[in-house]
Every structure is written in structure tokens, then in C-alpha cells.
1. Quick one: 108, 236, fewest Cβ neighbours within 10 Å first, how do they rank?
2. At a temperature of 25 °C and a viscosity of 0.890 mPa s, determine how fast segment 55-163 diffuses translationally according to Stokes-Einstein, using the Kirkwood radius over alpha-carbon pairs as Rh; express D in µm²/s, rounded to the nearest whole number.
3. Return the FRET efficiency for the residue pair residue 59, residue 191: r is the Cβ-Cβ distance, R0 is 25 Å, and the value is rounded to the nearest 0.05.
4. Got the relative contact order for segment 55-163 handy, in percent, Cα pairs under 8 Å and 6 or more residues apart?
5. P(r) for segment 172-241: what percent of alpha-carbon pairs falls in each 5 Å bin, starting at zero?
6. Using the 10 angstrom Cβ neighbour count as an exposure proxy, how do 198, 218, 56 rank, fewest first?
7. Using Cβ contacts closer than 10 Å as the measure, can you line up 220, 60 from fewest to most?
């Protein structure tokens, strides 16, 4: 069978695009980057457990307005992880969602304590129950990646869906990525692209790049245009900024 030069160029171009975006096709399922954790690792991915993290404090989260939690955060950002833990733990045990999220992070990222993903998951679940969006996102990532706990697509999707309704942009990317990484016969291209486009419209440049590059690779132009319309419809019904 003869292969024309144009066909070869088309295949090489697709491979190049996929490589640039960290994509690969595995038996009909697409491998592309999943979302990262909602933590200081978003701005300092190379930090070690002894480094002072470039942590971000979100006062909009439930429990984050408590001055004692803020005191713990000041210690945490200064690299005094054990002090932060000692401040946060009793607050977490008393039900403060932000403290629960923070204690979960300490266990997950081994900040001054031995890493324990099961304990981290437990604290994040408590915080997520109180609608702490970053805890929801972290749980989604845990189940999506399946590195520290068994992979569970259904649970990942559930937590991503909860977080996207609270306008978590990284969860919107994560949900789109999760959907588009499913096997071909289980994949909803329009829905996957919709979430990537929503994330892009809210400022995630990577989501827009991935969404565009997948057109012609796994998605038709018609599916892509439909997804963009659905993304605009979703945003018109939500107060995300």
C-alpha cells in the first residue's frame, strides 16, 4: 500500500501537536495532562517538604475567615509546618472546613509530617462535605490520577462536577480532560470540549490550547463548535468570573 507524502505530513503534524501538549493515544483512549492539586504546588511545584511554600490563602472558602486559621497559615508560609499543624488540627477536629483542608494538605504533601494519603483524603472529604471547593478539587484529582489511591473515574467526575458548579477553573479543565481521556466508545467529545472551553473563557490558556489542538485529532469541527456554544450557555447561567 502506497502512502502519499501529504498523508505522511498529516500524520507527522498530528503527532507533533500531540507531543507538544503531552498527548498520546492509547488503544482508543487519549492520554493528556490531568488537573493538578489545589495547593501551593500550583505556584511552586518543585518545593520540597523543607522549603518555604509559596502558599495562597483563599478567604472565600468556608472557615477561612477564622483568625486562628490565618495564624496557622502565617506559620505554614514561614515554613513552620509543625506549628501550623498544631494550630489547625484542633480547629479541624472541631469542624472548621479550611483547617480540615489545610491538615489534609500537610499529610498529602508531607509538610513536617510523614506523608499519609489516606489521612489526607479523610480530611479533604470532611472539608468537601462543607462545600470547600479546593478540597473537592483535590479529591477529584486523587481519584482521577489513581497514583496514591485506586483510580475511580466515577468519583473523580462527581467531585469535579461539584467543584465546577462553584466555578473552580482547574476543576473545569480537569473534568474536560477526564471526559476526553475515556475510551472512544465511552467518550463524549462535546461535553469534554465544553468544560475545556469554559476553563479557557475563565482564563485557563492551556485549556483553550488543548481544546483547539484536539479538533481533527479526536473531535470534529462540528462537535467543537457545538461545545463552544454549550460553554457560552453554561457561563450565561452561572456567575463565574
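Every read-out reported here was derived from the displayed coordinates using simple, explicitly stated rules and does not represent laboratory data. Because the structure is a prediction, the values reported are computed rather than measured. No Cβ is skipped: glycine too gets one built from the backbone with ideal geometry, and neighbour counts run over all protein chains shown.
1. Numbers: 108 22, 236 7.
If I rank by nearby Cβ atoms, fewest first, I get 236, 108.
2. 180 µm²/s
3. Taking R0 as 25 Å, the efficiency between residue 59 and residue 191 is 0.15.
4. Working: 162 pairs, mean separation 19.1, N = 109.
Result for segment 55-163 is 18 percent.
5. P(r) over segment 172-241, rounded to whole percents: 3, 20, 31, 27, 12, 5, 1.
6. Details: 198 28, 218 20, 56 13.
Lowest to highest Cβ neighbour count: 56, 218, 198.
7. Ordered from fewest to most neighbouring Cβ atoms within 10 Å, 220, 60 come out as 60, 220.
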